[in-house]
Amino acid sequence: MTYPAPFRSLASGRRRAVVIAASASVAFALAACTPAGVDDADPSDSAAGGDGGSGGDGATETITIGYIAPATGTLTGFTDGDPYMLSVVREQFADGITIDGTTYAVEIIDRDSGSDAAKAGELAQELITEEQVDLLMATSTPETVNPVVAQCEAHGTPCLTANAPWQAVVFGGGFGPDKPLEWTHHFFFGIEGFGDVDPLAWDQVETNKKVGVLWPNDSDGGAFRDPDTGYTPLVEAHGYTVVDPGAYENGTADFTSIIQTFKDEGVEIISGIPIPPDFVTFWTQAAQQGFEPKVATVGKALFFPTTVPSIPDDLGEGLAFATWWGPTFPYESSFDGTTPQEWIDDFSASPEGEGLVWNQATPLNGALFEVAKVGLEASGDPFDKEALVAAFDDINMMTLGGQIDFTSGPFPGIATIPTAMGQWEKTDDGEWEWVVVDAGTVPDLPVDRPLELLEW
Amino acid sequence: MEPLVPGQVRVDRLRRRMITVQIIGAGVIVALAMAPYVFEPAVTSQWIKLFYLITLATAWNLLAGFAGMVSVGQQAYIGLGAYGVFVFNDLGLDPYSSALVASVAIGVIAFALSFVAFRLRGGYFAIGTWVIAEAVRQIVIRFDSLGAGRGRGIEDYTADPVMRNLFTYWLALGILTATLIGSLFLLRSCMGVALQSIRDNELAARALGVDVSRAKRIVFVLAAVMAALAGSVICLQQIGVQSPSQIFSVSFSAFMIFMVLIGGIGTLEGPILGAIIYYVMDLWFSQMGLWYLVVLGVLAIAVTLFLPQGIWGALRARFDITLFPVGHRVVAVPHPAAPAPAAPAVRAPDPQNDTTAASATTEG
């Protein structure tokens, strides 16, 4: 590298002045950085920010709710319905909420984690310390939820999360019987939502009861593999044996050795929680290599409507998965009584839903706000963090996403929702859809038809 | 004008300016250290990210900008630094001491790895470091005690969030300070001259008797230690590692390269400027979704095309400014013995005509 000689060298006095000016400008730049996060918020924040309190004093009584979700990146599938959901929620909160006769304005600050765990943690910290949110919410996979929970627990901020297996949130986040969640409430099903429901569907057909599993080396896979709190003891109780070929890395391009293990062991049932691209790879290679299981009940990869149609040669036909929400589920919104079918129709007709297919994650993201509203109303004082957390403890309510019951969860601060079994099929006009083949643990869910074997 | 005659020149290491920089620098650092008493902790904790970004950019710049080693595997040491906090925390140290002890241990690991990495050069070196980083990740996530593929939280941690933010802030500031001071003095030392000669032409440097591999190895280890410290700060700020693939992500290297290229490679000031630019953009634009990445990319392309020396390089060429004097210049010493009829007692070189002195100047 060459460096041109300076045009002229300056007298040292002038240089010093330049040095000082430049250092000052660096210092100034540092200082200028500070309020940046505040700028894109709203004016009400500055009123709350000054006193270091929770924004509860003065004339403007605004409840600030932070919402962190992966709007971009690899986890977008969980949140593509969020723009519509947020517009519905903002409409609900437009007139504020009334708590013990006092009406509070509600401000929702939604942030995109970019599907990056570190970014989610940073945003959580920013929302807690700068925006001083009264309640922080996060959704979709442990990669988004866990960093936010960690920050909330560390800062003592009420936290409400959903859409991640609860074992991955509790045990994966280092919590447990000795170290309960103090500030966080989380609702979703856990491993039991798969392990207790998958065998119900398998029981419908004749197999050798050997289950091959795909558990990657990530948060979910680790939680499923746990010998005590994982998947194996649940299905063994139903008389099935698990064949675990070992942890593989997300993004694996060659599943040959795993497929060979399944063939050698005579596996007839496939289960697991691979990420969507990995399952497409696995399933295509299984077909090429002549591995023909009778049933496949796969979580995570099949949750979203885009995966199955993307599997080549219509190999997605007959794939089954544990589902927590669909048009026929007997749920209704606590906001206005919207049922799942109405929600789907409204979503499809809305400008935000144009070009999108409804998915199961959106109603649960929306249920966060339903639970938040009821919790805030029950707290008596929305700015009293302890009272708000305690109010969530007593919640047992119906939402669009299902019955959320924190009073009888498997772990303090956890509510589980029931699951059923869905199976994908291609309709006569070439559209992909899934139907309920087992009601699982969902009460009063109509079953469309029994589980069908995979056709090879 | 006096010619540069051996024995009649002296090497000016810009000592006066160095003293100024030290005084101002000390002032800035003390001011930043006191900042939590003036601002709310919430405000200063936002700067932690800026501090570790500058640390990372400076470390990468030492590697690529001065020692000519383009590494895309620094995330290995970031991740090890983060996991090192768990390891030494489990052994009974508090998280902050763990961070420091871990960085020393990682320096040792990096020293060992350097013998592997240095068998490769140029593009192969870049890929090799990436492979090493990936291998390190694969090994780390085999340990169940470290949370395997799930990540892990810090268990033994100060309960008070305000104090924790403060300590993390000071740790980040301390690491930044140590990095900048270390780099400044390293580059002003004999080693610094050797490094700058390696940067400009490795073969020529070797021919002149510079111990190239020793100099490179020292820089490699130092950069690893800096990355490890930055990684431990990330871990402390995130209260654990939430996702091993994230802490070992190659995107850290991408951002380091981005910051250094934008700011100006081969200068000490450039990475700082680049880190500030990246930090501010992240703060303001990261909620724009995918467009944010497009903007970052366009900025990187524009700077590489039109300001190949980076923003600071362009500023320096235009205004001749330097914050950190790491260069030296050779100036003629006026000596009374020589007959000097044309220039009687020119003590200070004429700024307009002193081309000889100027052309002998190097800047870091």
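Mind jotting down the distance between the C-alpha centroids of segment B:125-176 and segment A:315-388, whole Å?
Cα centres, segment A:315-388 to segment B:125-176: 36 Å.
Just grab the label-to-label distance for A:VAL205 and B:ARG142, each label 7 Å out from Cα along the Cβ direction, in nm (one decimal).
Rounded to a tenth, the inter-label distance reads 3.8 nm.
Would you please name the GluC sites (Glu not before Pro) within segment A:389-456 that are DSSP coil residues with at most 12 other C-beta atoms within 10 Å of their C-beta? Present the calculation step by step, with values, prior to reporting the outcome.
Details: sites: A:GLU425, A:GLU431, A:GLU433, A:GLU452, A:GLU455; in loops: A:GLU431, A:GLU452, A:GLU455.
Within segment A:389-456, the qualifying GluC sites (Glu not before Pro) (loop, at most 12 other Cβ atoms within 10 Å) are A:GLU431, A:GLU455.
Calculate the FRET efficiency for B:ALA314 and B:ASP200 from the Cβ-Cβ distance with a Förster distance of 25 Å, rounded to the nearest 0.05. Spell out each step's value before the answer.
On the way: r = 19 Å, r/R0 = 0.78.
Step by step, r from the Cβ atoms, then E = 0.80.
Does anyone have the angle between helix B:122-140 and the longest principal axis of chain B? Alpha-carbon axes, 0 to 90°, nearest 10?
30
At a 10 Å Cβ-Cβ cut-off, how would you order A:THR241, A:THR129, fewest neighbours first?
Least crowded to most crowded, the residues run A:THR241, A:THR129.
Using 0.36 nm per residue, how much length does the chain from B:GLN22 to B:ALA300 gain when fully extended, once their Cα-Cα distance is taken away?
On the way: separation 278, 0.36 × 278 = 100.08 nm, distance 3.21 nm.
Stretched out fully, the B:GLN22 to B:ALA300 stretch lengthens by 96.9 nm.
Report the relative contact order of segment B:22-249, percent, no decimals, based on alpha-carbon pairs under 8 angstrom and at least 6 residues apart.
It rounds to 39 percent for segment B:22-249.
Label points 7 Å out from Cα along the Cβ direction at A:THR407 and A:ALA105: separation in nm?
3.6
For B:VAL333 and A:GLU249, what is the calculated FRET efficiency with R₀ set at 60 Å and r taken between the beta-carbons, to the nearest 0.05?
Between B:VAL333 and A:GLU249 the formula returns 0.40.
Please tell me the relative contact order of segment A:188-291 in percent, rounded to the nearest whole number, where contacts are Cα pairs under 8 Å and at least six residues apart.
Numbers: 131 pairs, mean separation 34.9, N = 104.
Relative contact order, segment A:188-291: 34 percent.
Could you sort out which of A:LYS209/A:LYS294; A:LYS263/A:LYS294; A:LYS209/A:LYS426; A:LYS294/A:LYS426; B:LYS49/B:LYS216; A:LYS179/B:LYS49 sit more than 20 Å apart by Cα distance in this structure?
Flagged as over cut-off: A:LYS209/A:LYS426; B:LYS49/B:LYS216; A:LYS179/B:LYS49.
Report the one residue of B:VAL295, A:THR74, A:ALA164 whose Cα lies farthest in the direction of the positive end of the charge dipole of the protein assembly as shown (charges on C-beta: Lys and Arg +1, Asp and Glu -1; origin at the Cα centre).
Working it through, the farthest residue towards the positive pole turns out to be B:VAL295.
Which GluC sites (Glu not before Pro) does segment A:309-409 hold that lie in a coil by DSSP with at most 16 other beta carbons within 10 Å?
Answer by residue number: A:GLU317, A:GLU332, A:GLU352, A:GLU354.
R0 = 56 Å: FRET efficiency of A:ASP314 with A:THR98, Cβ-based, nearest 0.05? If you can, show how the numbers build up before the last one.
Values: r = 53 Å, r/R0 = 0.95.
Efficiency, from the Cβ-Cβ distance: 0.55.
Just subtract the alpha-carbon distance of B:ILE181 and B:GLU155 from 0.36 nm times their residue separation and send over the number in nm, one decimal.
Extra length from B:ILE181 to B:GLU155 when fully extended: 6.1 nm.
Calculate how steeply helix A:256-265 sits against the longest principal axis of the alpha-carbon atoms of chain A, using the helix alpha-carbon long axis, and give the answer as 0 to 90 degrees to the nearest 10.
40
Between B:ARG15 and B:ALA105, what is the label-to-label distance in nm when each label sits 7 Å out along the Cα-to-Cβ direction?
Between B:ARG15 and B:ALA105, the label points sit 4.4 nm apart.
Taking the Cα centre of chain A as the origin, how large is its charge dipole in debye, to the nearest 20, when only Lys and Arg (+1) and Asp and Glu (-1) carry charge on their Cβ atoms? Before the final figure, lay out the partial values.
Values: 18 positive and 71 negative charges, 441 e Å.
Result for chain A is approximately 2120 debye, rounded to the nearest 20.
With axes computed from alpha carbons, what is the tilt in degrees of helix A:142-155 against the longest principal axis of chain A, rounded to the nearest 10 within 0 to 90?
40
Report the net charge of residues surrounding B:ALA205, where surrounding means a beta-carbon distance below 11 angstrom and charges are Lys +1, Arg +1, Asp -1, Glu -1.
Around B:ALA205, the surrounding residues sum to 0.
In whole angstrom, note down how far apart the Cα centers of segment A:194-215 and segment A:415-456 are.
With segment A:194-215 and segment A:415-456 each reduced to a Cα centre, they are spaced 15 Å.
State the extension gain, in nm to one decimal, for the chain segment bounded by A:ASP394 and A:GLU354, taking 0.36 nm per residue of separation less the distance between their alpha-carbons.
Result for the pair: 10.6 nm of gain on full extension.
Every read-out reported here was derived from the displayed coordinates using simple, explicitly stated rules and does not represent laboratory data. Note that the structure is predicted; figures quoted are calculated from it, not measured. All Cβ positions, glycine included, derive from the backbone under ideal geometry; neighbour counts span all protein chains shown.
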